[in-house]
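Worksheet for the structure shown next.
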Amino acid sequence: MILEPNPLASLPQYSDEELAEFNREFERLPASKIIQWGVDNFAPHLCLSASMTDAVLIDLAVKVYPAIEVVFIDTGYHFPETLETVENVRRKYGLNLRMMTVQHHDEELWKLDPENCCSAVKVGQLDRALMGKAAWMSGLRRVEAASRESAPIIARDLRGLVKLNPIAAWSDDDVAGYIEDHDVPVNPLTLQGYPSIGCMPCTQPVADGEDPRAGRWAGRDKTECGLHDM
Ligand code: SF4
């Protein structure tokens with residue numbers, strides 16, 4: 001039997017100490033340079049996971065690497081506005097979009113057990129999308145929630161992959177300014193009281209001054225879906 005060579009074997013293998021050192025350096029770099037580092041090290045075995053709240057990270061990434069694979073997890077529970085945003089963004093950037101579509105399921109697991117629902121629907125699809133990848137990026141930011149305050153710009157995830165959060169240090173004003181300056185598409189729900197948008201049954205609008213993620217799984221202890229567990 002002839003064994004196929006592992007395409008990831010030739011990529012850089014960084015220790016946790018080296019990633020921590022990069023993390024310190026990246027605090028001083030603009031997002032586009034951080035993305036460039038990711039592309040230089042890992043492309044094409046690198047993708048971007050998008051929530052489609054806005055397309056800021058996508059806009060930054062396609063300017064560095066137009067062929068970047070953008071993953072969107074279609075849970076079957078999204079708002080119509082989110083699916084329209086996916087299509088608008090896909091067309092505007094000619095995206096290399098990979099839709100991870102979850103098979104329709106009749107039972108409403110999100111009502112009974114949202115932890116397991118997120119784990120089966122979102123995390124399971126992300127695991128599939130990341131098979132064969134060495135690294136991935138997300139638009140997670142520290143100011144989004146207390147649970148994200150200390151998010152690193154680069155670290156190893158639970159799968160052992162390199163995870164980049166190139167705009168982790170951006171403020172809401174930084175994002176708003178970038179959207180305006182670069183005419184970046186946004187999910188129209190962001191203008192209707194939804195600063196953080198997930199699945200329809202688990203997302204409510206928030207009042208002015210409230211934690212932006214207060215509308216996610218409102219009334220439950222749950223604050224994260226597990227996609228960003230490190
Ligand atoms: S956000 Fe809600 S509906 Fe979506 S996967 Fe998680 S529990 Fe299920």
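The values are calculated or read from the model by the stated rules, or taken from the named source; none is laboratory data. Keep in mind that this is a model prediction, so the values were computed, not measured. As a convention, Cβ positions derive from the backbone with ideal geometry for all residues, glycine included, and neighbour counts pool all protein chains shown. Each accessible area value is taken on the protein alone, full model and side chains, heavy atoms only, with ligands, DNA and RNA left out. Shrake-Rupley method; radii C 1.70, N 1.55, O 1.52, S 1.80 Å.
Take residue 201 and tell me if it is in contact with a Phe, Trp or Tyr (Cβ under 8 Å, 6 or more places away or on another chain), assigned to a helix (DSSP H, G or I) and within 24 Å of residue 87 (Cβ to Cβ).
Yes, satisfied.
Residue check: is residue 219 within 16 Å of the ligand (Cβ to nearest atom), exposed (fewer than 12 other Cβ atoms within 10 Å of the Cβ) and not in a helix (DSSP H, G or I)?
Taking the combined requirement at face value, the residue satisfies it.
Looking at residue 131, is it within 16 Å of the ligand (Cβ to nearest atom), within 24 Å of residue 90 (Cβ to Cβ) and over 15 Å from the mean Cα position of the chain (by Cα)?
So residue 131 fails the test.
When both residues are 6+ apart or on different chains and their Cβ atoms are under 7 Å apart, which pairs have a first residue that lies in the stretch 171-182 and is assigned to a helix (DSSP H, G or I), and a second that is of a type outside the set (D, E, K, R) and open to solvent by less than 70 Å² (accessible area, probe 1.4 Å)?
175/56; 178/56; 178/184; 179/56; 179/186
Among the numbered criteria (1) open to solvent by 20 Å² or more (accessible area, probe 1.4 Å); (2) within 15 Å of the ligand (Cβ to nearest atom), which one does residue 114 miss?
All conditions pass for residue 114, except number (1).
Give the residues of the stretch 46-69 that are open to solvent by 40 Å² or more (accessible area, probe 1.4 Å) and either among the aromatic types (Phe, Trp, Tyr) or touching a residue at least 60 places away in the same chain (Cβ under 8 Å) (or both), sorted by residue number.
Selection gives 51, 54, 65.
Please tell me if residue 72 is within 16 Å of the ligand (Cβ to nearest atom), surrounded by 15 or more Cβ atoms within 10 Å (Cβ to Cβ) and at pLDDT 95 or above.
yes
Scan the stretch 89-110 residue by residue and report those that are part of a helix (DSSP H, G or I), in contact (Cβ under 8 Å) with a residue 60 or more places away in the chain and within 9 Å of the ligand (Cβ to nearest atom).
110, the sole residue that qualifies.
For the stretch 9-63, give me each residue that is under 22 Å from residue 142 (Cα atoms) and in a loop (DSSP other than H, G, I, E, B).
27, 28, 29, 30, 50, 51, 52, 53, 55
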